[in-house]
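The values are calculated or read from the model by the stated rules, or taken from the named source; none is laboratory data. What you see is a predicted model, and the numbers here were worked out from it, not measured in a lab. We place every Cβ from the backbone using ideal geometry, glycine too, and count neighbours over all the protein chains shown.
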Amino acid sequence: MRIILLVASLICTGLVQAEERKGDYIYSEKVVKRFKITEVSPYKDYYLPSMRYQMLLSKFNDSDNTFCAIGYQLEDGFREAAVFWDKGKKIIRWQPEGVDFSGYIEKVITMTRPSIQYDSIIPRDKITMGMMAAYAKEDVDAMRADCERNGEVITIKAFATPKACEECNLQDFECIEPLLTP
């Protein structure tokens, strides 16, 4: 019973926060600064291999893919990039700061963290308490417009699936190594 009350409390808290609209877009805090991921470390160092890996995982590497990316710094100092990927039908919330990039796998998997799937974006008035993860379409649309206005469009050219990726695990070095260089 306590667990049910706790879950109900958390859901209600989330809905109340969403209604209060203290933050910008999908965030609970205000955006205080925007940045281009191709100009700011560590984003600029790893966006290309990370996007290429996403394309490979989703089997979309056989055609050009376009991403709209924008970096946000929130008032609490937290920074992340929002990467809109229409072909993958998701918004990648990319947070590479603080990651130890000394291993090869870390150079590509930082974008594989949980994303916002397009099918979880619905109009605010359709969001109910029973929904575990839903994002208001109005907030996402405003964030997308901000990305188009202040972010950058990045096109990653099609590339062949590396031979090693056909023969082994997609997390093996032999598969990932070709993704690390354009």
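Observations on the model:
- Positions within the range 121-158 being farther than 23 Å from ILE37 by Cβ and either modelled with pLDDT of 90 or more or not in a loop (DSSP other than H, G, I, E, B) (or both), in sequence order: ILE122, PRO123, ARG124, ASP125, LYS126, ALA136, LYS137, GLU138
- Residue selected from the range 56-75 under the condition modelled with pLDDT of 95 or more and loosely packed, with under 13 Cβ neighbours inside 10 Å, by the criterion farthest from ILE154 (Cα to Cα): ASP62
- Cβ separations smaller than 7 Å between residues 6+ apart or across chains give the following pairs from the range 31-43 residues that are touching a residue at least 60 places away in the same chain (Cβ under 8 Å) to residues that are part of a helix (DSSP H, G or I) and aromatic (Phe, Trp, Tyr): ILE37/TYR43; ILE37/TYR47; THR38/TYR47.
- For the range 20-55, the set of residues classified as at pLDDT below 95, in a loop (DSSP other than H, G, I, E, B) and of a type outside the set (D, E, K, R) consists of GLY23, TYR25, ILE26, TYR27, SER28, SER41, PRO42, listed by residue number.
- Among the residues making up the range 56-93, those that are over 11 Å from the mean Cα position of the chain (by Cα), assigned to a strand (DSSP E or B), closer than 20 Å to LYS30 by Cβ and not aromatic (Phe, Trp, Tyr) are GLN73, LEU74, ARG79.
- Condition met for ILE176 (among the β-branched types (Val, Ile, Thr), at pLDDT 85 or above, crowded, with 18+ Cβ neighbours inside 10 Å and not in a loop (DSSP other than H, G, I, E, B)): no
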